[in-house]
Structure formats: C-alpha cells, structure tokens
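Comments concern the structure below.
The values are calculated or read from the model by the stated rules, or taken from the named source; none is laboratory data. Just so it is clear, the model here is predicted, and its values are computed rather than measured. Positions of Cβ are backbone-derived with ideal geometry, glycine not excepted, and every protein chain shown enters the neighbour counts.
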Amino acid sequence: MSDATPPTRDARVSEANWLEAPYNRWSMWHVREISPTQVVSRGEGPARALPERAEPLDLDGVAVTRADGSDKMVRGVLDDTFTDAFAVLQGGELATEWYAPGGGPDTVHAVLSVTKSLVGCVAGILLDRGVLAESEPADRYVPELASSGYAGASVRHLLDMRSGVRFLEDYTDPEGGIRRMEEWLLGERGLYGYLPTLGAERPHGGHFLYRSSETDVLGWVCERASGSLMAELIAELVWAPMGAASDAEMMSDRTGTAIHDGGLSATARDLLRFGQLLLDGGSVPVPDAGSHEVLPPRWLRQAWAVDADVRSAFMESPAELTFPGGWYRNQFWFRVGEYGAVLLCMGIHGQLVYVSRRTDTVCVKLSGWPDAQNPAYLQDTLRACDAVSGALTHQDSTGETHRLPGVVAGLSRGRTARRPGPSFL
C-alpha cells in the first residue's frame, strides 16, 4: 500500500542487509533466495478451510484514532505503515484480505519474531508430553551451556524471558547483543557457538526482559530433548496438525541450525490459521468428528491467566511503557486493548498476529517497515486492529481500564516513571 510498484531484486541484497530499507520490500517475500532455509512441511492432510464472510469488511469504511490523536481510515493506516499483507478472520470467516504488489495468499513472507510463539508452542507440547520439565535447567538438556550465563536457568525462565543473562536487544547499538549474534550467524560457528559465550548480569527469575537469545536457547533445549530439528518439530507438532495450506520455511545459519528467534517465513493465510488455533483453545475442527487437540489447553490457559508475579515481572520492564497493564508468558505478548486483553505474536519491521477472544477476531499484518522498530507504527497498527474488531462485531469499546484477573489491586494499571529501555520486539 505504501508503494504500488512491485518490488524487484537489487543485486546488493545479501544476508547482511536483507532487512534494511529499501531492500526489505523485496526480500521479505524472498528469504530462500538470500539465506539457507529448511522446509516446515504442511504434511499430506487437508488444509483448514477459511470460508469467506458474506459481507466483506470495507477497510475504507472503518475509522481509527491514531496514537497522535488524528483520525484516519484503517486503509490509510495500512498505507502509512508499509503493509505487505493484511488479512482478518472473524468468527472463523475471512473478512478481508489484501496484498501488496509482489506478494499474495500463496507466497511466504518473513515473520521474524512471530517465530518465537511457534517455538513456544513446541515447548508447550513437549512439556505436556513429559519430554521437557519446566523446573529443569537448560544446561541439563544442553551441557554446552553449563559454564555460560544460562547455567541454572530453567525452562520456565526461558519461556517467560526471565533469565539473568546479559544480552541487550537494541537494534540501534552496533555493539549490542542482537548485533553480535547476527555476526555469529553469518560465521562458521553459528548460533550454537554464540549462545555459550553469554554471561550473567543478575539472578534468574527476576523481571521480564525481551531477549531473542532466550528463545534460541529454548529452541536448542527442545531439539536436544526431542532428538529432532526445529523445522521438523514445528511441522509435526503444529503446522501440519493445525491444517496449514502451504509449507513454511525456516532460516538457518551456515551450520544448519534453525534461527529459533526469528527465522520463519509463512503465508498470511496460514498465520490466520495459527491465530485461530490459539483463539480456539488449541483445537481444530474435524468434519463430522468434533475437534482435534493440537496445543495443550492448559498451556494456553496458563498464558492468558496472568497472576501477580507475571504482572510484576512485566511492570518492572521497559515493555510496560508500551503495553501498560500487559504481560509476557509462554513466548506470547498480552496487551490490554479497546476490546479486552489480546494475545499478540510480534516481529520487528511490523509483523503481527493479533488474537482477540472477546471479538472472536484474528488479524495478521505483514510489513516492511524501514526501521526495525517504530513505536508510532506499532500503536497505530494495534489501534487499527482494535477498530476492525469492533466494526466486525458491532461491539462498544471497554476502554483500557478493566482489572486483570488474578492481579492484586494496584498492579493492573499502575504506571511508574522510568527511563525508556532498550528495544524489546
């Protein structure tokens, strides 16, 4: 929407700069052409149907109040935020779908840190099957971590990003942890060479701090415990059982290790199916046979049911400034929005899966933001999804002041003055 001209490949695009503007308008749709990838198979089963809504949503007819106070139609917000794809399910029906030139419903797009939520789901299934244990330390499964900052960090610490490891997720700092890790990914030792070099800066189990290394260690633990590669785990445990229509792809480093924190590419429609799976409590319908459980219901209930400990951990982090009243659990974000709490799977440069239980709505937005993070783009995108949810269901906004269940008084909406922290998406 931001550019009506189909993007074309630039000879200068490489593994080192594929996320930089303007190259990312092309490379987001063509990851396999610039990086090693592994197939995440959809299997041989039928795809979950996405029936079309009888009355499609007109994005030019839904108004949204942006973060700066101005009003605009949803389509205008999508225009302004470098949208590559936007699709919505409401009540299980496809309400609207739009693709920028160069993309389409059958074309995979990089989803970056949305990958974390898929890895979290894999861990949840392995926990439910007894392959992993929440309280066990990561170095029990991966002895290479025994002398690193991850020694003693439990699977639960990794799931909720509450280890005490020193790793700065700041995309503007060339010396920060995320940039150092990117350098290792392009080297001979790769991701699993890098993770054991990380040290500790505080005890495990403290406040939440968003760090991609947490998911990378979690993925390593899942692979070691199961004896399977992450691309295989996602395919066998989530992608095929949920009824994906297309194979996905997983980026890997030069040693063949999957980039657990952000390597997935998938179609917008299959991300809608994933969002609907989360909305439906982890089950998918089976014609004439009820439903089939894919994700453990308890796993999802645990994520949604915030308690005082989880809220306090989030409230003490820089993320509270962006999502006041929110929380992070099981590799999912939770935001208190205009229509109650919503589950979010998010990635840099504008990747989003938005799941609203109150409005029975799933929104997927894939983007090519020029910068890794843009707070205004993020807030406008979420407000647009809220507006779409309300328009489709004709519900009135609840506002953003309701108390979260299980949270002691004073924690649900408290804001305290603190300096802006590092990047966290």
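Counting the residues of region 13-54 that are buried (at least 18 other Cβ atoms within 10 Å of the Cβ) and either under 20 Å from the mean Cα position of the chain (by Cα) or small (G, A, S) (or both) gives 14.
Restricting attention to region 197-223 and to residues that are small (G, A, S) and buried (at least 21 other Cβ atoms within 10 Å of the Cβ), the residue that is farthest from V142 (Cα to Cα) turns out to be S212.
When D270, D288, D307, D371 are screened for being over 16 Å from the mean Cα position of the chain (by Cα), of a type outside the set (G, A, S) and closer than 24 Å to A240 by Cα, only D288 passes.
What are the residues in region 368-387 that are in contact with a strand residue (DSSP E or B) (Cβ under 6 Å, 6 or more places away or on another chain) and among the hydrophobic types (A, V, I, L, M, F, W, C), if any? Matches in region 368-387: A384, C385, A387. Scanning region 22-49 for residues that are in a loop (DSSP other than H, G, I, E, B) and more than 17 Å from G103 (Cβ to Cβ) gives S35, P36, S41, R42, G43, E44, G45, P46, A47, R48, A49. The residues on offer are A248, A289, and the sole one that is surrounded by fewer than 22 Cβ atoms within 10 Å (Cβ to Cβ) and of a type in the set (G, A, S) is A289. Of all residues in region 121-136, one or more are in contact (Cβ under 8 Å) with a residue 24 or more places away in the chain, within 25 Å of V39 (Cβ to Cβ) and surrounded by fewer than 17 Cβ atoms within 10 Å (Cβ to Cβ).
Going by what's in this entry, would D68 be described as acidic (D, E) and crowded, with 16+ Cβ neighbours inside 10 Å? No; evaluated as a whole, the condition is false for this residue. Residues that are over 22 Å from the mean Cα position of the chain (by Cα) and modelled with pLDDT of 95 or more within region 99-116 are absent altogether.
Applying the condition of being among the charged types (D, E, K, R) and touching an Asp or Glu at 6+ places or on another chain (Cβ under 9 Å) to region 61-96 and asking which residue is nearest to N374 (Cα to Cα) yields D80. For region 198-255, the set of residues classified as β-branched (V, I, T), over 18 Å from the mean Cα position of the chain (by Cα) and under 27 Å from R273 (Cα atoms) consists of V221 only.
Checked against (1) surrounded by fewer than 21 Cβ atoms within 10 Å (Cβ to Cβ); (2) in contact (Cβ under 8 Å) with a residue 60 or more places away in the chain; (3) of a type outside the set (G, A, S); (4) part of a loop (DSSP other than H, G, I, E, B), Q379 meets all criteria but (4). Every listed requirement among (1) polar (S, T, N, Q); (2) within 22 Å of Q331 (Cα to Cα); (3) surrounded by fewer than 20 Cβ atoms within 10 Å (Cβ to Cβ) is met by T172 save one, (2). Of the residues making up region 300-319, not a single one is part of a strand (DSSP E or B), at pLDDT 95 or above and touching a strand residue (DSSP E or B) at 6+ places or on another chain (Cβ under 9 Å). It is to be established whether one or more residues within region 217-237 are farther than 18 Å from T255 by Cβ, touching a residue at least 24 places away in the same chain (Cβ under 8 Å), touching a Ser or Thr at 6+ places or on another chain (Cβ under 9 Å) and of a type in the set (S, T, Y). Among the residues of region 217-237, not one is farther than 18 Å from T255 by Cβ, touching a residue at least 24 places away in the same chain (Cβ under 8 Å), touching a Ser or Thr at 6+ places or on another chain (Cβ under 9 Å) and of a type in the set (S, T, Y), which makes the answer no. List pairs: first in region 251-262 and in contact (Cβ under 8 Å) with a residue 24 or more places away in the chain, second in a loop (DSSP other than H, G, I, E, B) and not β-branched (V, I, T), Cβ under 6 Å, 6+ apart or cross-chain? Here the result reads M251/S35; M251/G263; S252/P36; G262/L112; G262/S113, each pair linking region 251-262 to a residue that is in a loop (DSSP other than H, G, I, E, B) and not β-branched (V, I, T). When you check D79 against the structure, is it farther than 30 Å from H204 by Cβ, free of Cβ contacts under 8 Å to residues at least 24 places away in the same chain and surrounded by fewer than 22 Cβ atoms within 10 Å (Cβ to Cβ), yes or no? So D79 does not fit the description; no. Within the option set L89, L59, being closer than 26 Å to G102 by Cβ and modelled with pLDDT under 95 holds for one residue only, L59. V64 passes every criterion in (1) aliphatic (A, V, I, L, M); (2) within 23 Å of L279 (Cα to Cα); (3) over 21 Å from the mean Cα position of the chain (by Cα); (4) not in a loop (DSSP other than H, G, I, E, B) apart from (2). Whether a residue is in a loop (DSSP other than H, G, I, E, B) and within 22 Å of P375 (Cα to Cα) was assessed, and L19 passes this test. Contact map, region 314-339: first residue under 20 Å from S389 (Cα atoms) and free of Cβ contacts under 8 Å to residues at least 12 places away in the same chain, second residue of a type outside the set (D, E) and not in a strand (DSSP E or B), Cβ cut-off under 7 Å, separation 6 or more or different chains; the map is empty. In this entry, Q351 is excluded by the filter for residues that are polar (S, T, N, Q), surrounded by fewer than 22 Cβ atoms within 10 Å (Cβ to Cβ), closer than 26 Å to Y23 by Cα and touching a residue at least 40 places away in the same chain (Cβ under 8 Å).
For region 77-98, the condition of being of a type outside the set (S, T, Y), assigned to a loop (DSSP other than H, G, I, E, B) and more than 23 Å from the chain's Cα centre (by Cα) holds for none of the residues.
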